[in-house]
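Here is the structure we will look at, set down as structure tokens.
The values are calculated or read from the model by the stated rules, or taken from the named source; none is laboratory data. On a predicted model such as this, the values are computed, not experimentally measured, just so you know. So basically every Cβ, Gly included, is an ideal-geometry build from the backbone, and we count neighbours across all protein chains shown. To get the accessible areas, we keep the full protein, side chains included, count just its heavy atoms, and leave off ligands, DNA and RNA. Shrake-Rupley method; radii C 1.70, N 1.55, O 1.52, S 1.80 Å.
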Amino acid sequence: MKNRATIALATATMAAVMALGAMAPATAADTQVTSIEKIQGTGTASEMVGQQVTVRAVVTGAYSEGGFRGFYIQTAGSGSEISPEGSSGIFVYSPSGVDKVVVGDHVQVSGTVSEYFGLTQLSASDSGIELLTEPAAAIKPLALEIPSSDSERERFESMLIDPRGQWTVADNYSLNQYGEITLAQGTSSILPGERTLRQATDAFAPGSTEAVALEAENQERALLLDDGATMNFLGSNTNKSVPLPYLSADHHVSVGAAATFTGPVIMDYRYDQWRVQPQGQVVGAEDADIPAAFAQVKDAGPEAVGGNISVGSFNVLNYFTTTGDQLTGCSYYTDREGQPVTVRSGCDARGAANNKSLQRQQAKIVSALNKFDADVVVLEEIENSARFGLDRDDALATLVDALNQAAGKQQWKYVPSPVSVPADEDVIRTAMIYKNAAVKPIDESVILDDAAFDNARDPLAQAFQRVGGNSKTRFLAVANHFKSKGSDPKDGSANADQGDGAGAWNAARVDQAKVLVQFAQGLKKQRNTNKVLLAGDFNSYSAEEPIQVLEKAGYVNLAASVDTRSYLFGARTGSLDHIFGSTEVADQVTGQTIWNINATESVAYEYSRFNYNVAQLFAPDQFRSSDHDPVLVGLQLNKK
């Protein structure tokens, strides 16, 4: 997508065109009228660019506010089919004249033909727009399944359409900033039944023919549903005073949810992407111009996984009880009133800016974990309090206290740090919590201190045994958080992004997987169990090399068959979060699930976006308590 600052250049260009070519209104008797179809033509651009024309048509979309500064018109009576001469619709750029028209008006427009970053349009001044009194045949929205190719879509550019077929929300990340929702059309022909846009390396090896084909299909299936505006809702305070479109605290637009068009939309091309526009700017979640309905999520816990012990993984998104205001040098992300919300840079804290913000973050994490229904939970991205001169487990203990207080009983405990800890650790760490009525820890925890993890978080291992069970019910859990895919070194090394879809630092993650296998193997005899669970954020999609290292070592990806994903990036769904089981424990798995409460939800619901918009979306519930979805498996551990 082009930077929205480019609109300033385009606006200046259009203003110059208008000054040179805007025409005075003329009467029906002495005006030569050109058809919109002739202006549009059948090519990718109009052959009449720079020419002054007059058209008569019906207004199908009008946007007096929000940045479009214009309206769409379409040939009267058109829409039942596509004209062989070209599209029957066109956009009129007219900052001074848009206030004169509303949807349904019959108008005569005189202006200059231009191309605006691939969108054919007319530029007209206020005097070039005339409301006609004679009736016009109504526009019939063109009913069709939207084709995938540019040339086919070009034939109905700017026309009012009635999209047919199955649609699914594929991405909502830009909804928080630009009011955009990515929809996926139909299902994948490569991955039968796949309704979202699947991360190619979550299904196929990076760089493989299959991965390339899947990504090409993803691009063909994607279509943006816009809000009829060009506003950046994270920009000026004026923009932040406009309620975010489509969303409210109670109305979600969740990835994976079915989307149903409830009204016609206009086929549009802006910022290098095909998109559909409502007939007017969408403001808030109950606007009459909203052209689609979205299936709503349920406020419930994860699906049952069975068994007598459950183990999960949960990323707590930089849960820091050391807030920014306790340190020096911190800079902040601020809300629309300029109040600090989260730490931006300048200090070791990575989470909340102050206690009020921390309490909002904590409320969401506590709500989620107490509904998670797990007996053992490995945690990622929790504060390493030792970096702030405190006990290493200080933040972890605070979280457990909050969990128990909310539960109304002392049901949670945390795994204490071992006596021996690495000398130089990251400011975030892995950790574990557990329900003391279900399991008890065996021996002390162990941290893997190896050079392979110098750029990642050190794995933490702890053996557990079911309460009331014997050594046959013992298992070893290892919490992991491998090196991320970002911060490409671009040094030509094996850790540089190879362009195959695996991202940067793949070689580092491969080494970490190999060392992890050795670490777990050594602990089996020490903890008297072959039942091993490797859980956490591996920062590797399911078909990438680090995952293959674990699988070749005999570990089974226990959630691989689950028809959900744990992460969303670039409108692609995939799983970075996994739970692997040794063969000795894999056959005791009774169920597995990924609880889609975070990655599938708009970032607007995060504590970190509190009061960013006049529409207050924060709620102390589980939704968007992190950016990763928790993974859960059930085990049947018996004494025999």
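Suppose we keep only residues that are farther than 13 Å from GLN362 by Cα and of a type in the set (Lys, Arg) within the range 601-640. Which one would you say is least open to solvent (accessible area, probe 1.4 Å)? Give the steps one after another, and end with the answer.
Taking the range 601-640 as the starting set, the residues that turn out to be farther than 13 Å from GLN362 by Cα are 601-605, 609-617, 627-640.
Subsequent filtering for residues that are of a type in the set (Lys, Arg) retains 609, 639-640.
On the way: ARG609: 59, LYS639: 108, LYS640: 212 Å².
Among those residues, the one meeting the criterion is ARG609.
Is at least one residue of the range 154-174 closer than 15 Å to GLN273 by Cα and within 21 Å of the chain's Cα centre (by Cα)?
Narrowing the range 154-174 to residues closer than 15 Å to GLN273 by Cα: 154, 156-158, 171, 174.
Now restrict to residues that are within 21 Å of the chain's Cα centre (by Cα): 171, 174.
Among the residues of the range 154-174, at least one is closer than 15 Å to GLN273 by Cα and within 21 Å of the chain's Cα centre (by Cα), which makes the answer yes.
Restricting to the range 142-163, give me the number of residues that are out of contact with any Gly (no Cβ under 6 Å at 6 or more places or on another chain) and assigned to a loop (DSSP other than H, G, I, E, B).
7
Residues of the range 457-476 being open to solvent by 10 Å² or more (accessible area, probe 1.4 Å) and either of a type in the set (D, E, K, R) or in contact with a strand residue (DSSP E or B) (Cβ under 8 Å, 6 or more places away or on another chain) (or both), which ones? Quick ask: steps written out before the conclusion?
Taking the range 457-476 as the starting set, the residues that turn out to be open to solvent by 10 Å² or more (accessible area, probe 1.4 Å) are 457-458, 465-472, 474.
Of everything in the range 457-476, those that are open to solvent by 10 Å² or more (accessible area, probe 1.4 Å) and either of a type in the set (D, E, K, R) or in contact with a strand residue (DSSP E or B) (Cβ under 8 Å, 6 or more places away or on another chain) (or both) turn out to be ARG457, ASP458, GLN465, ARG466, VAL467, SER471, LYS472, ARG474.
To keep it simple, each residue is scored yes or no on (1) in contact (Cβ under 8 Å) with a residue 12 or more places away in the chain; (2) over 30 Å from ASN239 (Cα atoms); (3) outside any loop (DSSP other than H, G, I, E, B).
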site	(1), (2), (3)
SER46	yes, yes, no
GLY66	yes, no, no
ILE73	yes, no, yes
ILE90	yes, no, yes
ASP99	yes, no, yes
SER110	yes, yes, yes
VAL113	yes, yes, yes
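Would you point out which residue out of SER420, SER445 is closer than 27 Å to ASP348 by Cβ and either open to solvent by 30 Å² or more (accessible area, probe 1.4 Å) or β-branched (Val, Ile, Thr) (or both)? Working first, answer last.
Working: SER445 fails: either open to solvent by 30 Å² or more (accessible area, probe 1.4 Å) or β-branched (Val, Ile, Thr) (or both).
The conditions single out SER420.
Yes or no: ASN539 part of a loop (DSSP other than H, G, I, E, B) and either within 26 Å of PHE569 (Cβ to Cβ) or within 31 Å of the chain's Cα centre (by Cα) (or both)? Lay out the reasoning, then the answer.
On the way: part of a loop (DSSP other than H, G, I, E, B): yes; either within 26 Å of PHE569 (Cβ to Cβ) or within 31 Å of the chain's Cα centre (by Cα) (or both): yes.
Yes: the conditions hold for ASN539.
Run PHE453 past the list (1) among the aromatic types (Phe, Trp, Tyr); (2) out of contact with any strand residue (DSSP E or B) (no Cβ under 8 Å at 6 or more places or on another chain); (3) more than 21 Å from GLY574 (Cα to Cα) and report the number of the one that doesn't hold.
Here PHE453 clears every test but (2).
Could you go through the range 274-297 and let me know if any residue there is farther than 12 Å from GLY228 by Cα, open to solvent by less than 40 Å² (accessible area, probe 1.4 Å), part of a strand (DSSP E or B) and out of contact with any helix residue (DSSP H, G or I) (no Cβ under 7 Å at 6 or more places or on another chain).
The answer is yes; a qualifying residue exists.
Considering only the range 393-445, how many residues are in contact with a helix residue (DSSP H, G or I) (Cβ under 8 Å, 6 or more places away or on another chain), aromatic (Phe, Trp, Tyr) and in contact (Cβ under 8 Å) with a residue 24 or more places away in the chain?
The total comes to 1.
Out of VAL532, VAL517, which single residue is touching a residue at least 12 places away in the same chain (Cβ under 8 Å) and open to solvent by 20 Å² or more (accessible area, probe 1.4 Å)? Break it down stepwise before answering.
Working: VAL532 fails: open to solvent by 20 Å² or more (accessible area, probe 1.4 Å).
Being touching a residue at least 12 places away in the same chain (Cβ under 8 Å) and open to solvent by 20 Å² or more (accessible area, probe 1.4 Å) holds for just one of VAL532, VAL517, which is VAL517.
Confirm whether LYS440 is assigned to a strand (DSSP E or B) and charged (D, E, K, R). Spell out how you get there, then give the answer.
Values: assigned to a strand (DSSP E or B): yes; charged (D, E, K, R): yes.
Yes.
The rows are residues; the columns are (1) at pLDDT 95 or above; (2) within 38 Å of the chain's Cα centre (by Cα); (3) open to solvent by 10 Å² or more (accessible area, probe 1.4 Å).
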site	(1), (2), (3)
GLY70	yes, yes, no
ALA76	yes, no, yes
GLY97	yes, yes, no
VAL109	yes, no, no
ASP126	yes, no, yes
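Quick check on my filter: what residues within the range 232-245 are in contact (Cβ under 8 Å) with a residue 24 or more places away in the chain, surrounded by 15 or more Cβ atoms within 10 Å (Cβ to Cβ) and out of contact with any Ser or Thr (no Cβ under 9 Å at 6 or more places or on another chain)? Give the steps one after another, and end with the answer.
Quick first cut of the range 232-245, residues in contact (Cβ under 8 Å) with a residue 24 or more places away in the chain only: 232-234, 237, 240-245.
Still in the running and surrounded by 15 or more Cβ atoms within 10 Å (Cβ to Cβ): 232-234, 240, 242-245.
The answer is ASN232, PHE233, LEU234, LYS240, VAL242, PRO243, PRO245.
Can you report the number of residues in the range 212-245 which are closer than 15 Å to PHE68 by Cβ and assigned to a loop (DSSP other than H, G, I, E, B)?
9
Can you tell me which residue in the range 482-498 is least open to solvent (accessible area, probe 1.4 Å), limited to those that are under 24 Å from the mean Cα position of the chain (by Cα) and either without any contact (Cβ under 8 Å) to a residue 40 or more places away in the chain or farther than 25 Å from HIS628 by Cβ (or both)?
The selected residue is GLY486.
With the requirement that a residue be open to solvent by 10 Å² or more (accessible area, probe 1.4 Å), touching a helix residue (DSSP H, G or I) at 6+ places or on another chain (Cβ under 7 Å) and either part of a loop (DSSP other than H, G, I, E, B) or not aromatic (Phe, Trp, Tyr) (or both), what does the range 305-338 give you?
Matches in the range 305-338: THR321, CYS330, ARG336.
Per-residue answers, yes or no, for (1) part of a loop (DSSP other than H, G, I, E, B); (2) more than 27 Å from ASN237 (Cα to Cα); (3) hydrophobic (A, V, I, L, M, F, W, C):
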{"position": "ASP563", "(1), (2), (3)": "yes, yes, no"}
{"position": "HIS578", "(1), (2), (3)": "no, yes, no"}
{"position": "THR590", "(1), (2), (3)": "no, yes, no"}
{"position": "THR593", "(1), (2), (3)": "no, yes, no"}
{"position": "ALA604", "(1), (2), (3)": "no, no, yes"}
{"position": "ASN613", "(1), (2), (3)": "yes, no, no"}
{"position": "PRO620", "(1), (2), (3)": "yes, no, no"}
{"position": "LYS640", "(1), (2), (3)": "yes, yes, no"}
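Yes or no: GLN185 open to solvent by 30 Å² or more (accessible area, probe 1.4 Å), closer than 20 Å to GLN277 by Cβ and out of contact with any strand residue (DSSP E or B) (no Cβ under 8 Å at 6 or more places or on another chain)? Break it down stepwise before answering.
Numbers: open to solvent by 30 Å² or more (accessible area, probe 1.4 Å): yes; closer than 20 Å to GLN277 by Cβ: yes; out of contact with any strand residue (DSSP E or B) (no Cβ under 8 Å at 6 or more places or on another chain): no.
Criteria not met by GLN185.
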